[in-house]
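Student: First, the structure itself, so that you have it in front of you.
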Amino acid sequence: MSNGILVFIEHKSGALSKTSLEAVAAAQKLGSETGQSVTAVVLGSGVQALAQDMAAYDLAKVINVDHSQLADYTPDAYAAAMEQVVRAADPQYVLMSHTYLVRDFAPKVAARFGRGLIGDCIRMTVAGGKVTFTRRIFLGKLDADVSSDGQSPVFVTFQSGAFRPDQAVKGSGAPIEEMPVDLSEARMKPEAPFQEVKQAVDLTKTDVIVAVGRGIKSKDNIALAEQLAEVLGGDLAASRPICDAEWLPIDRQIGSSGQTVAPRLYIALGISGAIQHLVGMKNSGTIVAINKDPEAPIFDIADYGIVGDLFEALPVLTEEIRKLKG
Ligand SMILES: Cc1cc2nc3c(=O)[nH]c(=O)nc-3n(C[C@H](O)[C@H](O)[C@H](O)COP(=O)(O)OP(=O)(O)OC[C@H]3O[C@@H](n4cnc5c(N)ncnc54)[C@H](O)[C@@H]3O)c2cc1C
């Protein structure tokens, strides 16, 4: 019978993605509540150092798949490698973060096992031996509880922020197993990444986000928010109308048709808090909102709120933080 939990570790040229630790935290929680061991899998070329780093976590083992065709990501090679790891490890669950890369190759792997993929989950509960995964549907209007039919492997991805990376528990040194794979069927050859891809910001990795909405009124005023982001060492983001108007590029959009983020601090400036925006940021650690409308729904989820004109509050806030930071 299948047993254990396999957790996929994503990285960029050997640098661990923060969301992978969230997946490890999820896998460890599932493991402790169902009495199953957790194995991490690292795919790449020359990423032994990362496998070593992962071995420091409380895991039964780390599987390192080292292959020249895994040096640069292709869905072809990743799917083939992951399929072979899953067949060899025969886990009951395969847990991953719901990143762009995972979204690209993981459904293909699940399909090869004739299984579905329970995607973009925000929660997991274990009760009476039954595991339930919760995912948002209808643009966040409803939560659906999903459980598997008992057949393994069960492929699951978690939304960024569903678990905290610092919840991943360290251990006393897990063994590393090198696993050979046959990628002769993988035909894709990656080319150099587009320049745009290189420049694109990945807001999921940012600790502080200053987001602007329609309340900012004009493209020129975004400089005010930029100053706040700068003193906080954070990144700028926006609601959809701002990106639709091309005041900021699309990779800065937060929400159901943009990025899902969970920074430690999210400051929403002149953002009403439409559900399509909230689903992209509600897992943030601390949410601060400035809005002149006391009824704005953003205040329902804000930890701190300033009801007032952002053009009055923002320069003062920036100045005070600048003073504090010396
Ligand atoms: C299929 C679909 C997908 C969508 N996807 C996304 C998405 O990914 N991301 C997203 O953000 N939206 C998305 N939307 C749009 C979403 O429904 C909202 O229209 C949008 O989020 C509103 O943006 P906003 O809060 O900036 O603007 P508004 O709703 O117009 O809010 C502006 C706010 O600024 C405040 N304000 C105005 N002036 C000031 C001032 N001087 N000082 C302080 N506050 C002020 C106002 O009180 C108001 O609350 C989507 C919609 C659909 C239908």
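Student: Exactly one condition in (1) without any contact (Cβ under 8 Å) to a residue 24 or more places away in the chain; (2) open to solvent by 70 Å² or more (accessible area, probe 1.4 Å); (3) more than 25 Å from R136 (Cβ to Cβ); (4) within 12 Å of the ligand (Cβ to nearest atom) is false for K292; which is it?
Tutor: Here K292 clears every test but (1).
Student: Working only within the range 79-97, note down all residues that are surrounded by fewer than 20 Cβ atoms within 10 Å (Cβ to Cβ), within 20 Å of H11 (Cβ to Cβ) and either in contact with a helix residue (DSSP H, G or I) (Cβ under 8 Å, 6 or more places away or on another chain) or free of Cβ contacts under 8 Å to residues at least 40 places away in the same chain (or both). Walk me through it before giving the result.
Tutor: The first filter runs over the range 79-97 and keeps only residues surrounded by fewer than 20 Cβ atoms within 10 Å (Cβ to Cβ), leaving 83-84, 87-88, 90.
Next cut, within 20 Å of H11 (Cβ to Cβ) only: 83-84.
Residue satisfying the conditions is E83 alone.
Student: Give the range 2-34 a look and list any residue that's in contact (Cβ under 8 Å) with a residue 40 or more places away in the chain and among the aliphatic types (A, V, I, L, M), or say none. Break it down stepwise before answering.
Tutor: At the first step, the residues of the range 2-34 found to be in contact (Cβ under 8 Å) with a residue 40 or more places away in the chain are 2-10, 17-30, 33-34.
The answer is I5, L6, V7, I9, L21, A23, V24, A25, A26, A27, L30.
Student: Same structure again: Quick check on my filter: what residues within the range 306-326 are over 19 Å from V208 (Cα atoms) and either open to solvent by 50 Å² or more (accessible area, probe 1.4 Å) or among the acidic types (D, E) (or both)?
Tutor: Keep residues of the range 306-326 that are over 19 Å from V208 (Cα atoms), which gives 307-309, 311-312.
Passing the criteria: V307, D309, F311, E312.
Student: Something else: Name the residue, out of P180, P175, P107, that is out of contact with any strand residue (DSSP E or B) (no Cβ under 6 Å at 6 or more places or on another chain) and modelled with pLDDT of 90 or more. Walk me through it before giving the result.
Tutor: On the way: P175 fails: out of contact with any strand residue (DSSP E or B) (no Cβ under 6 Å at 6 or more places or on another chain); P107 fails: out of contact with any strand residue (DSSP E or B) (no Cβ under 6 Å at 6 or more places or on another chain).
Among P180, P175, P107, only P180 is out of contact with any strand residue (DSSP E or B) (no Cβ under 6 Å at 6 or more places or on another chain) and modelled with pLDDT of 90 or more.
Student: Name the single residue, out of those in the range 205-245 being more than 23 Å from K12 (Cβ to Cβ) and part of a strand (DSSP E or B), that is farthest from the ligand (Cβ to nearest atom).
Tutor: V210
Student: Hey, does the range 255-276 have a residue that's away from the ligand (no atom under 11 Å from the Cβ), of a type in the set (K, R) and either open to solvent by 10 Å² or more (accessible area, probe 1.4 Å) or not in a strand (DSSP E or B) (or both)? Walk me through how you get there before you give the answer.
Tutor: Here is the first cut: in the range 255-276, the residues away from the ligand (no atom under 11 Å from the Cβ) are 261-267.
After this cut, where a residue has to be of a type in the set (K, R) as well, the list is 264.
Applying the additional criterion that residues be either open to solvent by 10 Å² or more (accessible area, probe 1.4 Å) or not in a strand (DSSP E or B) (or both) yields 264.
Yes: the range 255-276 contains one or more residues that are away from the ligand (no atom under 11 Å from the Cβ), of a type in the set (K, R) and either open to solvent by 10 Å² or more (accessible area, probe 1.4 Å) or not in a strand (DSSP E or B) (or both).
Student: Checking D76 against (1) touching a Phe, Trp or Tyr at 6+ places or on another chain (Cβ under 6 Å); (2) open to solvent by 10 Å² or more (accessible area, probe 1.4 Å), which single condition isn't satisfied?
Tutor: Result: D76 fails condition (1) only.
Student: Okay, next question. Please find, within the range 277-289, the residue that is most open to solvent (accessible area, probe 1.4 Å) out of those that are assigned to a loop (DSSP other than H, G, I, E, B) and hydrophobic (A, V, I, L, M, F, W, C). Break it down stepwise before answering.
Tutor: The initial filter retains those residues of the range 277-289 that are assigned to a loop (DSSP other than H, G, I, E, B), namely 279-285.
The next check asks that each one be hydrophobic (A, V, I, L, M, F, W, C); those that pass are 279, 281.
Details: V279: 21, M281: 0 Å².
By that ranking, first place goes to V279.
Student: With open to solvent by 60 Å² or more (accessible area, probe 1.4 Å), in a strand (DSSP E or B) and under 22 Å from L43 (Cα atoms) as the only criterion, which of E191, E177 stands out?
Tutor: Working: E191 fails: in a strand (DSSP E or B).
Just a single option satisfies the conditions, and that option is E177.
Student: A follow-up question, please. Determine whether D303 is over 17 Å from A229 (Cα atoms), within 8 Å of the ligand (Cβ to nearest atom), of a type in the set (D, E) and open to solvent by 10 Å² or more (accessible area, probe 1.4 Å). Show your work before the answer.
Tutor: On the way: over 17 Å from A229 (Cα atoms): yes; within 8 Å of the ligand (Cβ to nearest atom): no; of a type in the set (D, E): yes; open to solvent by 10 Å² or more (accessible area, probe 1.4 Å): yes.
In short, no.
Student: Sticking with this one: Assess whether Y100 counts as being under 21 Å from L21 (Cβ atoms), open to solvent by 40 Å² or more (accessible area, probe 1.4 Å) and touching a residue at least 40 places away in the same chain (Cβ under 8 Å).
Tutor: No.
Student: Do we have D120 as in a strand (DSSP E or B) and at positive phi here?
Tutor: Details: in a strand (DSSP E or B): yes; at positive phi: yes.
Answer is yes for this residue.
The values are calculated or read from the model by the stated rules, or taken from the named source; none is laboratory data. Not measured: the values here are computed from a predicted model. Every residue, glycine as well, gets a Cβ built from its backbone with ideal geometry; the counts of neighbours run over all protein chains shown. These area figures cover heavy atoms from the full protein model, side chains too; ligands, DNA and RNA do not enter into them. Shrake-Rupley method; radii C 1.70, N 1.55, O 1.52, S 1.80 Å.
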